[in-house]
Amino acid sequence: PEGYDPAAARLYPTVYLTDGDSLFPILAANHLFLTYDDRLPEAIVVGIAYGGFDPAVNRRNIDFQSPGEGVTAGAAGAAAFQRFLKAELIPEIERRHRSDPAERVLFGQSRGGAFVLYSAVTDPDLFRGRIASNPSITPGIESLLEPAAPATRTDLGLVVVSGTRDRADLQVEAARWLSVWETRPERPWRLFGERIEGGTHAANAPDAYRTGMRRLFGVDPAP
């Protein structure tokens, strides 16, 4: 329309969800209520999905896998998956929609949470914020403990959320990862370790999302 200036159009934070087949229907709808009750900003929510859970089409076991002890080269697809996000998906989303390149968030659950940590270590600037919910990081933990790639931004945040009723081994892995990175002053992001009391492995993903987004955007729930 006359007088419309695309450069002046409002841009929105954009949340990228791994496992979009399951998480998008839950978290995209939930985000609306978080804007009401927790004063989170309105956001574009992108579900990265395979179209089903059948192993014939779903490649999460490869795409989210970082290299490490006992992981064959063909099974570690995290680097290729991140290249797809960076070179193909994100540019397309930002071309089509009013997506703010400075306010990208990545959310992942379980193995998707491990990919969130891989992304944080290998390409810190790609997302302003990241939330790893009950990450399952073995095998591949070795590469997630390597020094992080350089970052140019100073406003990056990473939230690692564990449920107190998640599998004991996964809680130990997450605690180990946090304990290592908490001692590294050179880490490129603000790091938050959060616990969901009574939270299980998958059913509390909305609570992990809420906790992580509140941390990243510095808001508190309404009284």
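The values are calculated or read from the model by the stated rules, or taken from the named source; none is laboratory data. This structure is a prediction, so every number in the text was calculated from the model and none was measured. Note that each Cβ is placed from the backbone with ideal geometry, even for glycine, and that neighbours are counted across all protein chains shown. To get the accessible areas, we keep the full protein, side chains included, count just its heavy atoms, and leave off ligands, DNA and RNA. Shrake-Rupley method; radii C 1.70, N 1.55, O 1.52, S 1.80 Å.
Quick notes on this structure:
- Within segment 203-220, the residues that satisfy the criterion of being part of a loop (DSSP other than H, G, I, E, B) and either modelled with pLDDT of 95 or more or closer than 16 Å to residue 127 by Cα (or both) are 203, 204.
- Every pair of residues 6+ apart whose Cβ atoms lie under 7 Å, when the first sits in segment 56-67 and is surrounded by 16 or more Cβ atoms within 10 Å (Cβ to Cβ) while the second is among the polar types (S, T, N, Q) and not in a loop (DSSP other than H, G, I, E, B): 66/143; 67/143
- Selected residue (only one of 136, 119, 143 is open to solvent by 10 Å² or more (accessible area, probe 1.4 Å) and part of a helix (DSSP H, G or I)): 143
- Long-range neighbours under 7 Å by Cβ, at least six apart or interchain, first residue under 16 Å from residue 208 (Cβ atoms) and open to solvent by less than 40 Å² (accessible area, probe 1.4 Å) within segment 25-41, second charged (D, E, K, R) and assigned to a helix (DSSP H, G or I): 34/210; 38/210; 38/214
- Any chance residue 196 is at negative phi, free of Cβ contacts under 8 Å to residues at least 40 places away in the same chain, surrounded by 19 or more Cβ atoms within 10 Å (Cβ to Cβ) and of a type outside the set (Asp, Glu): yes
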